[in-house]
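One structure is given below, encoded as structure tokens.
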């Protein structure tokens, strides 16, 4: 797979990990998700807050297994830019939780090296 294909697949994979963490209470699901983030990961939330990896880990740890009706769908993954080991992507993320649907437009920076990936940046905007 090319660097771009790996980065695009990471969008699907990481959201599968997130859905697993929210819907299950299994330590291996949490570990798999945490390994997907670069140590310098930063995120801008849908409410405009800037958070680091530690805050993201605390969030997922506290929410593990409590959103059993959540289904996440990803659409329209597009490459914005790619250089060296980084790929910038934009995609639409749709949450369906027991019939309540919310959507966001997200921009992510994924580091791809040696056919592996880690997310270093994410910016989410509610739509």
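A short reminder: the numbers here are calculations on the coordinates, not readings from a lab. The shown structure was predicted, so the numbers you read here are calculated from the model rather than taken from an experiment.
Note on the chain: with a GNM built from Cα contacts shorter than 10 Å, the maximum mean-square fluctuation among 66, 12, 74 falls on 66. For the stretch 61-127, averaging the sequence separation of C-alpha pairs within contact (under 8 Å, six or more residues apart) and dividing by the residue count gives a relative contact order of 24 percent.
The alpha carbons of the stretch 73-127 occupy a box of 41, 18, 16 Å along the principal axes, longest dimension given first. Rounded to the nearest 10 degrees, what's the angle between the helix 3-23 long axis and the longest principal axis of the chain, both from Cα atoms, 0 to 90? On a 0 to 90 degree scale, this one is about 10.
Summed over qualifying helices (DSSP H, 4 residues or more, each -39500 (n - 2.57)) and divided by its residue number, the chain shows a 222 nm mean residue ellipticity of -10500 deg cm²/dmol.
Reported to two decimal places, what Rg/Rh ratio describes the chain when computed on Cα atoms with Rh from the Kirkwood expression?
Result: Rg/Rh = 0.94.
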